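Please treat every number below as a calculation from the coordinates, not as lab data. The structure displayed is predicted, hence computed values, not measured ones. Cβ sites come from the backbone with ideal geometry, for glycine too, and all protein chains shown count toward neighbours.
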Amino acid sequence: MIRKYLAFAMLAALSLSLLSLAGCGGSDGGDDPVSVTQQAFEKAVTLDMDGLLEVSCQQMREEIEASREEIKLMTEMMEGLGINFKDIEYDMSHMKWDLVEESEDKATVHMHGTMTMFAPGLGEETQDQDEKINLVKEGGSWKVCSPIN
């Protein structure tokens with residue numbers, strides 16, 4: 001029981017840590033603010049650090065790079081508890097993303113709903129999300145540029 005609690009606490013901490021870096025979940029590969037926010041969310045929860053860098057603004061890329069070692073250590077600790085991050089399944093079907101405002105070079109997307117994580121041997125954990133995510137245009141593409149608190 002303690003192992004399960006500890007593992008879920010670490011999983012939640014790692015997920016929230018990455019989400020705070022992402023600033024922001026089904027992506028269609030588009031380059032509109034909502035699609036980019038969805039892509040960033042999915043890449044964050046699945047630990048796709050390189051993919052996350054691609055959809056993040058310069059400021060966020062610097063923060064992500066600075067956090068790589070911490071994320072690696074947390075992942076190794078989870079593996080020590082017998083949890084492989086690649087085995088975790090995510091249900092983001094109850095997440096919603098709404099475009100709140102958009103100008104030529106700035107946009108805001110409201111991300112809200114619940115995400116459920118399932119880790120084999122541990123069960124389910126649900127996280128509520130309700131954040132406004134800021135994006136900026138860099139090099140002609142939308143990039144996520146705010147953390148989730």
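A compact table of results
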item	result
Listed pairs Lys72/Lys96; Lys96/Lys137; Lys72/Lys137; Lys43/Lys96; Lys72/Lys106 exceeding 25 Å between Cα atoms	Lys72/Lys96; Lys72/Lys137; Lys72/Lys106
Vicinal HN-Hα couplings computed from phi for region 109-115 (Karplus, 6.51 cos²θ - 1.76 cosθ + 1.60; Hz; Gly/Pro x)	10, 8, 9, 8, x, 10, 10
Summed residue charge, Cβ within 13 Å of Gln59's Cβ, Lys/Arg positive, Asp/Glu negative	-2
Whole-angstrom gap from region 109-132 to region 37-68, using each part's C-alpha centre	18 Å
Region 41-54 - phi-based ³J(HN,Hα) in whole Hz, Karplus 6.51/-1.76/1.60, Gly and Pro as x	4, 5, 5, 5, 6, 9, 6, 7, 4, 5, x, 5, 4, 5
Karplus (6.51, -1.76, 1.60) ³J(HN,Hα), θ = phi - 60°, over region 72-86, in Hz, Gly and Pro reported as x	4, 5, 5, 5, 5, 5, 5, 5, x, 8, x, 10, 9, 4, 6
